[in-house]
Amino acid sequence: MAANRIARTLVLAGLAAACATLFVTRYWVNRACIAAAASSCRLEDGSNVTGGAMLWGGVAVVLAVLTLRSALGKRR
């Protein structure tokens, strides 16, 4: 059972890190441009970012909480 808990914790941590990376790269870095455009912003590389990318931050927080709960959960 301990191996199962460790694997679950590592998977959750990896998913949380991936979502946090998406939040930072798709929203946080470009938040001023998104706010100025009032909806979406086209970057120099041609990609279009929107305020909806803020959702990745919420997903990252939920996954981080689940990771902590899995790692620090009650031992059976």
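Somewhere in region 62-76, is a residue polar (S, T, N, Q), touching a residue at least 60 places away in the same chain (Cβ under 8 Å) and part of a helix (DSSP H, G or I)? Step through it out loud before you land on a result.
Of the residues in region 62-76, the ones polar (S, T, N, Q) are 67, 70.
Going one step further and asking which of them are touching a residue at least 60 places away in the same chain (Cβ under 8 Å), we end up with 70.
With the extra rule that they be part of a helix (DSSP H, G or I), the set shrinks to 70.
Checked against the condition, which is being polar (S, T, N, Q), touching a residue at least 60 places away in the same chain (Cβ under 8 Å) and part of a helix (DSSP H, G or I), region 62-76 yields at least one hit.
Could you list, ordered by first residue, the pairs with Cβ atoms under 7 Å in which the first is in region 6-21 and within 9 Å of Ser70 (Cα to Cα) and the second is among the β-branched types (Val, Ile, Thr), at least 6 apart or interchain?
Thr9/Thr67; Leu12/Thr67
Among what's in region 33-55 and is under 13 Å from Leu22 (Cα atoms) and part of a helix (DSSP H, G or I), pick the residue that is modelled with the highest pLDDT. Explain how you work it out, then say what you get.
Pass one, region 33-55, residues under 13 Å from Leu22 (Cα atoms): 49-55.
Now narrow it down to the ones that are part of a helix (DSSP H, G or I): 51-55.
On the way: Gly51: 87, Gly52: 89, Ala53: 89, Met54: 91, Leu55: 95.
Within region 33-55, the match that is modelled with the highest pLDDT is Leu55.
The values are calculated or read from the model by the stated rules, or taken from the named source; none is laboratory data. Given the structure is predicted, the values throughout are model-derived calculations rather than measurements. For neighbour counting, all protein chains shown are included, and Cβ atoms are generated from backbone atoms with ideal geometry for every residue, glycine included.
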